[in-house]
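**Student:** Before we start, here is the structure in question, set down as structure tokens.
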Amino acid sequence: MIHQQYQKIVASIYDPFMRSLEKVLIQHRQKLLTQTKGYILEVGAGTGVNFGLYPPNVKVWAIEPSTPMYKKALKMAKQYPNIQVFNIGIEQVEQQKNWPVSFDYITSMLVLCTIKDPLLATKLYTKYLNDKGKLLVLEHIHSSKKLYGRLQKIVNPVWRPLADGCNLTRRQDQILKKSGFIPIYENYFKLGTDWYEAIMKKTNQ
Ligand SMILES: C[S@@+](CC[C@H](N)C(=O)[O-])C[C@H]1O[C@@H](n2cnc3c(N)ncnc32)[C@H](O)[C@@H]1O
């Protein structure tokens, strides 16, 4: 009950909280998403901020486990007939009936910081992505600056419960590489903390 109330608050402040960051992030999202084709799995869709950036001829299965976020994403998806939203997490994808066997693209943006078991999630990405498929990633990662990185370690235990499980100290780039993804393109940039964007493929390609 308390958790539901909390998730409601997070969903209602998420877009205003992200507004100034999004002025920059939108360019990174756009660069990655406009190239998508075929069947797409969007992981942790949040309020549906990516929906308007997909080409109109793709088909998107967007998943979002937080019900208040899911409701916002559902509302957003009404404008996009090619996008369906489901109130599930990555761990439940396998149980869905009448879904594609695998996807041409998986999009994972600002999600691996929050997912409880990111190594399990990225292993599931390798399972759900078809052999020629591509993973599109945009994530904030632990700062490489000594002082800022240390500060993030100190602040993280307070930040994480306030920010719906978001971690400031993860290295999602390393987790992804450990799970069997290799970058076709990768870019590290700074926006407050360090950020990582990448187009990745499975190592067996
Ligand atoms: C910081 S928000 C990012 C939302 C959106 N992708 C964006 O770029 O703005 C992280 C989202 O990941 C979702 N999430 C958390 N655990 C998840 C899981 N196991 N599977 C899928 N999504 C998850 C959260 O509910 C939340 O909406």
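**Student:** So with the 1.4 Å probe, I'd like the accessible area per residue for the chain, rounded to whole Å².
**Tutor:** 53
**Student:** Suppose accessible area is computed on protein heavy atoms with a 1.4 Å probe; arrange 143, 102 from highest to lowest. Intermediate results must be reported in sequence, preceding the final value.
**Tutor:** Working: 143 10, 102 40 Å².
Result, largest first: 102, 143.
**Student:** Here's a follow-up. At a Förster radius of 30 Å, what calculated FRET efficiency corresponds to the Cβ-Cβ distance of residue 148 and residue 127, to the nearest 0.05? Don't skip to the answer; put the middle values down first.
**Tutor:** Numbers: r = 35 Å, r/R0 = 1.17.
So, using R0 = 30 Å, E works out to roughly 0.30.
**Student:** Can you tell me the Rg and Dmax of the chain, counting just the alpha carbons, in angstroms?
**Tutor:** 16.2, 50
**Student:** Hydropathy first: keep DSSP H helices in the chain averaging at least -1.0 on Kyte-Doolittle, then drop any whose Cα extent along the axis falls short of 30 Å, and list what survives. Before the final figure, lay out the partial values.
**Tutor:** Numbers: long enough: 2-33 (38 Å, -0.29).
Going by DSSP H runs, the hits are 2-33.
**Student:** If you don't mind, another one. Going through the cross-link list 37/123; 59/202; 71/190; 23/132, which pairs have a Cα-Cα distance over 30 Å in this structure?
**Tutor:** Working: 37/123 22 Å; 59/202 21 Å; 71/190 32 Å; 23/132 32 Å.
The pairs that break the limit, which is 30 Å between Cα atoms, are 71/190; 23/132.
**Student:** Also, quick follow-up: Round to a whole angstrom and tell me the spacing of the C-alpha centers of the stretch 157-187 and the stretch 97-137.
**Tutor:** 14
**Student:** Return the percentage of antiparallel bridges among DSSP beta bridges fully within the chain, rounded to the nearest 5 %.
**Tutor:** 45
**Student:** OK, next. Pop out the carbon and sulfur fraction of the accessible area of the stretch 31-142 as a percent, whole number, probe 1.4 Å. Let's see the in-between values first.
**Tutor:** Values: 2670 of 4960 Å².
That fraction is 54 percent.
**Student:** Using the Cα centre of the chain as the reference point, and only Cβ charges (+1 on K/R, -1 on D/E), how large is the resulting charge dipole? Debye, rounded to the nearest 20. Provide the component values of the computation, followed by the final result.
**Tutor:** Values: 29 positive and 15 negative charges, 57 e Å.
Roughly 280 debye, rounded to the nearest 20.
The values are calculated or read from the model by the stated rules, or taken from the named source; none is laboratory data. Worth saying up front: this structure is predicted, and the values here are computed from it rather than measured. Reconstructed Cβ throughout: ideal geometry from the backbone, glycine too, with neighbour counts over all protein chains shown. Keep in mind that these areas ignore ligands, DNA and RNA; they rest on the heavy atoms of the full protein, side chains included. Shrake-Rupley method; radii C 1.70, N 1.55, O 1.52, S 1.80 Å.
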